[in-house]
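Read the structure below first, then the notes.
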Amino acid sequence: MDKFVIKGGNPLIGKVTISGSKNSALPILAATLLTPEECIIHRVPDLSDIRYMLEILKFLGAQVHYEKGTVRVKNKIINWIAPYDLVRKMRASICILGPLIARCGKARVSLPGGCVIGDRPIDLHISGLQKLGANIDIIKGDVVAQGGQLRGTTINLRGLYGSTVLGTDNVMMAACRSEGTTIIEGAACEPEVEDLAKFLVSMGAKISGIGSQRLIIEGIKELHGSEYTIITDRIEAGTFAVGAAMTKGDLFLEQAPVNHMTSVLEKLRDCGVTIQVEEKGLRVSRSGPLKAFEIETSSYPGFPTDMQAQFCAMATIACGKSKVVENIFPNRFMHISELKRLGANIELLKNEVHIYGIERLSGAPVMASDLRASAALVLAGLVADNTTEVHRVYHIDRGYEKIDEKLLAVGAMIKRVYSKT
Ligand code: EPZ
């Protein structure tokens, strides 16, 4: 298991090219199961989560070729069973459920297990697919669906913590091949959901209300193959933007999806960070003091929960007291105890933290627990005194393409070291 060894102190200066979006690529790859024809997907980031999804498609019978960011996939004949050993590696694999039911009339997909960021039920996925007419039971830890022909209807996907991203994806994909019209109320409108909807339309699907909380889907019998380029990753871009802010750097984030980052960029500006939107991307720099702030996570276009940990890292060195409230995954604070190991002054109260900025963090060994928490620890290591070792960086490889090489190229003192612990 690799670790990162980081010497803090260098400002991040230069250009970073933002990769394709993980959270867009995963459901789009699953959507290729809806057609027997070939699909060609461009700008697919080289991440372990992507490799897991390609493994699942191959297991289901797909011909898959992945090279230089382009996936060619053909799901001519597929089987409908995705076992625990395959699905347990990645929760997002649940988004094959809708396409399998729509394509095969049945599916058996292992129920995703526990997750360190909190309780992540799929009740909304299941109730939405049941409303389309699928008979679904949980048998021996598997979601077992018998469906036959699905029929369009009106479904509300708003849950206790707002809308569900992968739940909207699953129901939308199944509805594309259902008989009649489906109306999804309380749909998630994250840019990644919008990208999936546009991909489905490029396969011949009939969807209106894209990007809104009310999606209308006219079911059709067959979908055809398509060639599509996915959006770039707003969370990767946001992470590097925080890196420039924390290190008093000056970064140009090439192909950053500026229009998808409004709430994050607004907060950075409030903290005294200079944001310049340019033709091919975003320039982020800081020269003055970093001001404290308050954020509350919510569904898009609100402040993304996937940027919460990175902003906690930033607050540890900001002037004054910051407040961070997590409303989507109330227990998503695994990074807090590790930031405290670097000397941060933080109070954790239920689903919020109060962070009192200090002059300087000091390097220490820390343990990554999940994808975004590990990004926060890397950012903290970039500004800490001496050396920080971030262990278990396999978490970060799930969602950041070659992050250590990208950081090295803009001046960070970071090294990937193979480690047995
Ligand atoms: C997606 O997860 C993202 N993953 C997550 O990113 C992201 O944090 C999350 O959306 C929220 O934005 C991918 O796109 C692969 P949800 P998802 O269903 O779809 C509750 C990352 O770091 N809920 O929108 O699984 C749920 O418990 C990852 O890249 C139900 O109650 O999240 C949560 O509180 C981490 N019942 C809230 O809704 C359900 O059936 C939002 O979850 C489904 C969800």
Subject >> Relative counts (whole %) of C-alpha pair distances in region 1-136, using bins that are 5 Å wide >> reply: 2, 9, 17, 19, 18, 13, 9, 5, 4, 3, 1, 0
Subject >> Crossing angle, helix 22-31 versus the chain [Cα axis fit, 0-90 degrees, rounded to tens] >> reply: 10
**OP:** Among DSSP beta bridges whose residues both lie in the chain, state the antiparallel percentage, nearest 5.
**Re:** 75
**OP:** Mind telling me which of Lys131, Lys140, Lys323 comes out most flexible in a GNM of the chain, alpha-carbon contacts under 10 Å?
**Re:** Lys140
**OP:** Give the relative contact order (percent, whole number) for region 17-81; include only Cα pairs under 8 Å separated by 6+ residues.
**Re:** 37
Subject >> Relative contact order %, the chain, counting alpha carbon pairs below 8 Å whose residues are six or more apart >> reply: 21
Subject >> Linear extension gain, Ile13 paired with Arg51, 0.36 nm per residue minus alpha-carbon span >> reply: 10.6 nm
**OP:** Enter the Cα centre distance for the pair region 1-43 and region 272-321, rounded to the nearest angstrom.
**Re:** 21
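If one computes P(r) from the Cα atoms of the chain, what percent of pairs lie at distances over 31 Å?
Of all Cα-Cα pairs in the chain, 38 percent lie more than 31 Å apart.
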Subject >> Filtered trypsin sites (Lys or Arg not before Pro), region 1-106: DSSP coil and at most 11 other beta carbons within 10 Å >> reply: Lys68, Lys76
Original post:
Taking the chain as a Gaussian network, Cα atoms linked when under 10 Å apart, which of Thr239, Thr274, Thr247 shows the biggest mean-square fluctuation?
Top reply: Thr274
Subject >> Among Leu86, Leu111, Leu349: highest mean-square fluctuation, GNM of the chain, C-alpha pairs under 10 Å >> reply: Leu349
Original post:
Quick one: putting +1 on the C-beta of Lys and Arg, -1 on the C-beta of Asp and Glu, what dipole do you get for the chain around its Cα centre, in Debye to the nearest 20?
Top reply: 520
**OP:** Tell me what the chain gives for mean residue ellipticity at 222 nm when only DSSP H runs of n ≥ 4 count, each as -39,500 (n - 2.57), the sum divided by the residue total, rounded to 500 deg cm²/dmol.
**Re:** -8500 deg cm²/dmol
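Using r as the Cβ-Cβ distance of Arg72 and Lys402, and R0 as 30 Å, what FRET efficiency do you calculate, to the nearest 0.05?
Working from the Cβ atoms, E equals 0.85.
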**OP:** May I ask for the distance between the Cα centers of region 193-270 and region 116-170, given as a whole number of Å?
**Re:** 23
**OP:** Mind pulling the angle between the C-alpha long axis of helix 234-246 and the longest principal axis of the chain? Nearest 10 degrees, somewhere in 0 to 90.
**Re:** 0
**OP:** Please work out how much length the chain gains when fully extended from Lys340 to Ser127, using 0.36 nm per residue of separation minus the C-alpha to C-alpha distance, in nm with one decimal.
**Re:** 72.6 nm
Original post:
What is the spin-label model distance, in nm, from Glu185 to Asn135 if the labels are put 7 Å beyond Cα along the C-beta direction?
Top reply: 2.9
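Please report the relative contact order for region 202-276, taking Cα pairs under 8 Å with a sequence separation of at least 6, and give it as a percent rounded to a whole number. The partial results should precede the final answer.
Details: 56 pairs, mean separation 16.6, N = 75.
RCO, region 202-276: 22 percent.
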Original post:
If you roll a 1.4 Å probe over region 225-331 with all protein chains in place, what percent of the accessible area is carbon or sulfur?
Top reply: 47
Subject >> Amide proton proximity set for Thr387, modelled H, under 5 Å, gap of 5+ >> reply: Gly363
**OP:** Mind jotting down the distance between the C-alpha centroids of region 340-360 and region 81-103, whole Å?
**Re:** 38
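For the chain, report the accessible area per residue in Å² (1.4 Å probe, heavy atoms, rounded to an integer).
Solvent-accessible surface per residue comes out at 39 Å².
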**OP:** Heavy atoms only, probe 1.4 Å: what % of the accessible area of region 109-169 goes to carbon and sulfur, would you let me know?
**Re:** 51
Original post:
How big is Rg to Rh over region 353-408, alpha-carbon atoms, Rh as the Kirkwood inverse-mean-distance radius?
Top reply: 0.98
**OP:** Using the charge dipole of the chain (Lys, Arg: +1 at Cβ; Asp, Glu: -1 at Cβ; taken about the Cα centre), state which of Ser127, Leu57, Thr17 has its Cα farthest towards the positive end.
**Re:** Leu57
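The values are calculated or read from the model by the stated rules, or taken from the named source; none is laboratory data. These figures come from a predicted structure and were not determined experimentally. With ideal geometry, Cβ positions are generated from the backbone for all residues, glycine too; neighbour counts draw on all protein chains shown. Protein only, heavy atoms only, side chains kept; ligands, DNA and RNA dropped before computing areas. Shrake-Rupley method; radii C 1.70, N 1.55, O 1.52, S 1.80 Å.
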